[in-house]
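Written out below as structure tokens is the structure these notes cover.
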Amino acid sequence: MSRFARLSQLLSPLVAVAASFLVGGLVVVAIGENPFHIYAILFRGAFGSVDAIGLVLFNAVPLIFTGLAVAFAFRAGLFNIGGEGQLYIGAFVCTLAGLAFGGLPALVLIPLLILASAAGGALWAAVPGFLKARFGVHEVINTIMMNFIAVGLTSYFVINMLREPGQMTPQTSEIAFAGHLPRLADSLSLIGIPLPQANPLNFSLVLALGAVLLAWYILYRTTLGYEIRAVGMNAKAAEYAGINVRRTLVMAMVLSGAFAGLVATNEIMGFRHRFLDNFSSGLGFMGIAVALLGKNTPLGVLLAALLFAVLNTGALEIDIFTDVPRELILVLQAVTIILVVVGNEVFARRVAAREGRAAGVPLPVTEASGETK
Amino acid sequence: MSERHAVQMRGITKRYPRALANDRVDLDVEVGEVHAIVGENGAGKSTIMKVLYGLTPPDEGSISLWGKELSGHRPADAIREGVGMVHQHFMLVDTLTVAENVVLGAEPCSHGCLLDVAAARERVRQLSSEYGLSLDPDDLIENLSVGLEQRVEIVKVLYRGAKILILDEPTGVLTPQEVRELFVILRALREAGRTIIFITHKLEEVLELADRITVMRDGRVAGVVSAAATTKEELARMMVGRDVLLRVTREEARPGEPVLQVAGLSAIGRKGSHVLEGIDLEVRSGEILGVAGVQGNGQTELVEVITGLRRASAGSVTVCGRETTNRSPRQMRDLGVAHIPEDRQARGLVLGFTVAENLILGRHHRKPFSSRGLLSLDDIRTHAERLIEEHDLRPRDPDGDAGHLSGGNQQKLIVAREFDGGPALLVASQPTRGVDIGAIEFVHTSLLRMRDQGAAILLISAELTEIMTLSDSIAVMYGGKIVAQFEGGAVGEEELGVAMTGGAGASAGGSAVRSDGRPPRHEMGAR
């Protein structure tokens, strides 16, 4: 990659984010408010206190996981729209295990529940992965369908069979205490960071950062990652190289689903400690946007997840203190994504125009007579 | 030849960020001459033609046509001044007739705007007889041979009034007979006063057809010579900048044990018909078996079955005495089968991977590149540096994107990778397609060296000279079968050409060319 290409690769998301703030500001002006005032409130809501920053991080954790899930599958050329379903199953399996193995000590139960979360998501993603590899059925359709099945099934089980006794709320009982991930407030106060005890930020953040590293490591340091990237960039060359393309596709989906399933470490093990029907409200889908903004790289996902968490957290403040609806934040996020996608295209074309031809890539024929053969 | 110039290009410079494609190029083409432009890949010959045709504007320089400076730099401006381009890849609609294809985009109208088919057919017939094209305006394109399709392309530009015809590598897809017929047509066009610019890398053709030759190297004009006053060796030296071995010398083969044995091999295509039928082959160690044939006669499928990329429906493949029919590509590779694929970008490389990553493709899972599922970056890098050095890959950057290499260097990368590690069997499909003369020399000597070291080589090539220079024995494929087999050196180009088009009667010339150098295309097109 030339410096120009690399630079635009870096700059295009930043430009898109800046431009989206501009567009958002115009919307604010259109509804008769002062954009500077609104943005000031937004950023105060996100960065105004240690508590606020803790909340941002807490909100970022599930987006990191689902963003990684989408980005990882994308590296194999797969579009995993099923993060939502995968995280529900991950959370459900995690909860079941947390309810069933209450007698185990924390040192055993916590790793077990982490594995259960990942395994649940992996299992759910394996199904469309297998259908794609075996029958060539498009994964987008099947991951979406698997979302419906996951939400429906968990809902059924939670309402009809696992509901906490004596409760109207569609939720399970609390998982064993030994399976709770500790909150970070205590540890942080040891090093002088005054995070309030009530802040939900927990050790899942560490797991999320670990997952970012792990995704990077798998992709760039392992044979499997090499094969996943080869399949994603040129499946025919991968086949030629003796790579088992079908197996690699399934493996990529399994790992992708595992990342999505790990959302449960934050939502179940670290925060709710129980499965609440419909708890996610679209974390899996947000992952698509996060991966897109993060250009499907692990580090990019981390940064994009933080940005989205800032917007989501600040939105609460806007809702409380102004007449501007918090939905403005949704507008902002959507505009950002559109601009990133458009920006990708524009930059890709400019890069191609500047170097592709020089590198001996034949020009598309632009003749007046538009026949093709 | 008249005094007037059809084309005068002065000081054309075209810069790309990573290369100077044309550096103050001057090109003079006289009215009514056949002017060849030769040069290696990346020498700038395509760029200068794109500039002439208006596909890309020059950064500096001027273009005059018929002594008048061209004002605009769009194809429409060039076309208006009588420039026509016959592209390397035909752009025809299969399901339309010859006449309909010719008028497409410039349809003649009568009575308001009804398509005047009669006028179109008449014009096509007239052009066809004028230049001996043997085209029937009512034939469907899908029934034509490649050679005839090319003539349709020529008629297309003539129909639009072209007086200067640019032909970009026109002979690459043709059989020797078709090439000869094309040359007859081009000479007829010259007699009729048209000017022809001919881009090629085949030096024999240049000397046979051209009046004058512009040689390009590294974006500059290396010289302009008259065809009558030059030789192949001189042209090659001007193109490459050093003396080039045009024909490698081949010592007598000392074949050993059979390495590849193919018996009764058949395969079925997507539509259920046989793409391979009862193929029998044997390649011994220390021997090169060349497979000649017009493209699309089953060579691709044969290679795919042998390398494990396609299933055989019947018959057997044996490598080093072990039955390997329908093994996976990885199993074949692990048995020591190397493969230079015919389409380097589609199969041979992962564009987007670095050069180093591409250099381990296929062996990435084995030591020293991987152990216990982890990549060994140091070994991958050392390996890349060694191969880059040995094969003079440019740029010398293991971390560069393979997609940014020139076509010749991409091919070198694949050759370097597949030659490395001493394969028992090398399946080389079109190993020098689109590769510079200098690199061709390298690939050819490497193939022979591997042979002499005891490898068995199955060489598939559309270049007859390549097959004839390198092969110890030659098999000819037509319609998914082996229709003829010769000892190397015991057969002439003529004889091979006849076999390639399906045997007797194929070269009756003129109107009989429809005996089709090509099987039904939809069956074979599994690429």
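Observations
- Matching residues in the range B:309-333 - criterion: being in contact with a Lys or Arg (Cβ under 8 Å, 6 or more places away or on another chain) and facing another protein chain (nearest Cβ under 10 Å): B:ARG333
- Picking from residues in the range A:155-181 that are free of Cβ contacts under 8 Å to residues at least 24 places away in the same chain and polar (S, T, N, Q), the one that is nearest to A:SER204 (Cα to Cα) is A:GLN167.
- Just one of the numbered conditions (1) assigned to a helix (DSSP H, G or I); (2) touching a helix residue (DSSP H, G or I) at 6+ places or on another chain (Cβ under 8 Å); (3) more than 26 Å from B:ASP77 (Cβ to Cβ) is not true of B:ARG123: (3).
- Meets criteria (closer than 22 Å to A:ARG183 by Cβ and assigned to a helix (DSSP H, G or I)) for A:ILE89: no
- Condition check for B:GLY84: in contact with a strand residue (DSSP E or B) (Cβ under 7 Å, 6 or more places away or on another chain), farther than 30 Å from B:GLU233 by Cα and within 14 Å of chain A (Cβ to nearest Cβ): yes
- All of A:ALA69, A:ALA19, A:ALA52 fail the test of being more than 14 Å from every other protein chain (Cβ to nearest Cβ), buried (at least 21 other Cβ atoms within 10 Å of the Cβ) and not in a loop (DSSP other than H, G, I, E, B), apart from A:ALA69.
- When the range B:419-433 is filtered for residues that are buried (at least 20 other Cβ atoms within 10 Å of the Cβ) and closer than 24 Å to B:VAL244 by Cα, the ones remaining, listed by number, are B:PHE419, B:ALA428, B:SER429, B:GLN430, B:PRO431, B:THR432.
- The residue of the range B:208-263 that is nearest to B:MET450 (Cα to Cα), among those that are without any contact (Cβ under 8 Å) to a residue 60 or more places away in the chain and hydroxyl-bearing (Ser, Thr, Tyr), is B:THR249.
- Screening A:THR322, A:THR336 for residues that are at pLDDT below 90, closer than 26 Å to A:LEU11 by Cβ and polar (S, T, N, Q) leaves exactly one candidate, A:THR336.
- Of all the residues in the range B:365-389, those that are more than 10 Å from every other protein chain (Cβ to nearest Cβ), more than 14 Å from B:ASP420 (Cβ to Cβ) and outside any loop (DSSP other than H, G, I, E, B) number 2.
- For the range B:33-80, a residue qualifies if it is of a type in the set (D, E, K, R), touching a residue at least 40 places away in the same chain (Cβ under 8 Å) and either within 14 Å of chain A (Cβ to nearest Cβ) or touching a His at 6+ places or on another chain (Cβ under 8 Å) (or both), and the qualifying residues are B:GLU40, B:LYS45, B:ASP59.
- Unique match (being in the same structural domain as B:VAL173 (by TED's automatic domain parsing) and closer than 22 Å to B:ILE199 by Cα) among B:GLY72, B:GLY105, B:GLY82, B:GLY132: B:GLY82
- Just one of the numbered conditions (1) among the charged types (D, E, K, R); (2) closer than 24 Å to B:GLU441 by Cβ; (3) at pLDDT 95 or above is not true of B:LYS412: (3).
- Hey, B:GLU495 in contact (Cβ under 8 Å) with a residue 60 or more places away in the chain and either in contact with a Leu (Cβ under 9 Å, 6 or more places away or on another chain) or in a helix (DSSP H, G or I) (or both) or not: no
- Tally of residues being farther than 15 Å from A:ALA16 by Cα, at pLDDT 90 or above and of a type outside the set (Gly, Ala, Ser) across the range A:289-312: 8
- Residues satisfying the stated conditions in the range B:12-48, i.e. at pLDDT 90 or above, under 23 Å from the mean Cα position of the chain (by Cα) and not in a strand (DSSP E or B): B:ILE48
- Per the listing B:ASP436, B:ASP401, B:ASP452, the residue uniquely surrounded by fewer than 20 Cβ atoms within 10 Å (Cβ to Cβ) and within 13 Å of chain A (Cβ to nearest Cβ) is B:ASP401.
- Exactly one residue out of A:ALA252, A:ALA264, A:ALA260, A:ALA241 is within 14 Å of chain B (Cβ to nearest Cβ) and buried (at least 20 other Cβ atoms within 10 Å of the Cβ), and it is A:ALA241.
- Test result for A:LEU219, buried (at least 24 other Cβ atoms within 10 Å of the Cβ) and either within 14 Å of chain B (Cβ to nearest Cβ) or in contact (Cβ under 8 Å) with a residue 60 or more places away in the chain (or both): no
- Note on the range A:225-236: among residues that are crowded, with 21+ Cβ neighbours inside 10 Å and within 21 Å of A:GLU139 (Cβ to Cβ), the one that is farthest from the other protein chains (Cβ to nearest Cβ) is A:ILE228.
- Qualifying residue in the range B:108-124 (condition: within 25 Å of the chain's Cα centre (by Cα) and of a type outside the set (D, E, K, R)): no
- Test: residue in the range B:3-14 that is over 26 Å from B:LEU189 (Cβ atoms) and surrounded by fewer than 16 Cβ atoms within 10 Å (Cβ to Cβ): yes
- Residue match in the range B:314-324 (condition: surrounded by 20 or more Cβ atoms within 10 Å (Cβ to Cβ) and under 28 Å from B:ALA384 (Cα atoms)): no
- For B:LEU281, the criteria (1) free of Cβ contacts under 8 Å to residues at least 24 places away in the same chain; (2) outside any helix (DSSP H, G or I) hold in every case but one, which is (1).
- Qualifying residue in the range B:190-204 (condition: crowded, with 23+ Cβ neighbours inside 10 Å, under 24 Å from B:TYR53 (Cα atoms), of a type in the set (A, V, I, L, M) and in the same structural domain as B:GLU107 (by TED's automatic domain parsing)): yes
- When B:LEU246, B:LEU289, B:LEU309 are screened for being within 24 Å of the chain's Cα centre (by Cα), assigned to a loop (DSSP other than H, G, I, E, B) and over 30 Å from B:VAL38 (Cβ atoms), only B:LEU309 passes.
- Residues that are aliphatic (A, V, I, L, M) and either surrounded by fewer than 21 Cβ atoms within 10 Å (Cβ to Cβ) or more than 15 Å from A:ALA309 (Cα to Cα) (or both) within the range A:22-49 comprise A:LEU22, A:VAL23, A:LEU26, A:VAL27, A:VAL28, A:VAL29, A:ALA30, A:ILE31, A:ILE38, A:ALA40, A:ILE41, listed in sequence order.
- Here B:ALA346 does not qualify as of a type in the set (A, V, I, L, M, F, W, C), in a strand (DSSP E or B) and either buried (at least 20 other Cβ atoms within 10 Å of the Cβ) or in contact (Cβ under 8 Å) with a residue 60 or more places away in the chain (or both).
- As a summary of the residue check, B:VAL305 satisfies the conditions (1) surrounded by fewer than 17 Cβ atoms within 10 Å (Cβ to Cβ); (2) within 14 Å of another protein chain (Cβ to nearest Cβ) except for the one numbered (1).
The values are calculated or read from the model by the stated rules, or taken from the named source; none is laboratory data. For clarity, every value in this text was computed on a predicted model and none was experimentally measured. Here the Cβ is made from the backbone with ideal geometry for all residues, glycine too, and neighbour counts use every protein chain on show.
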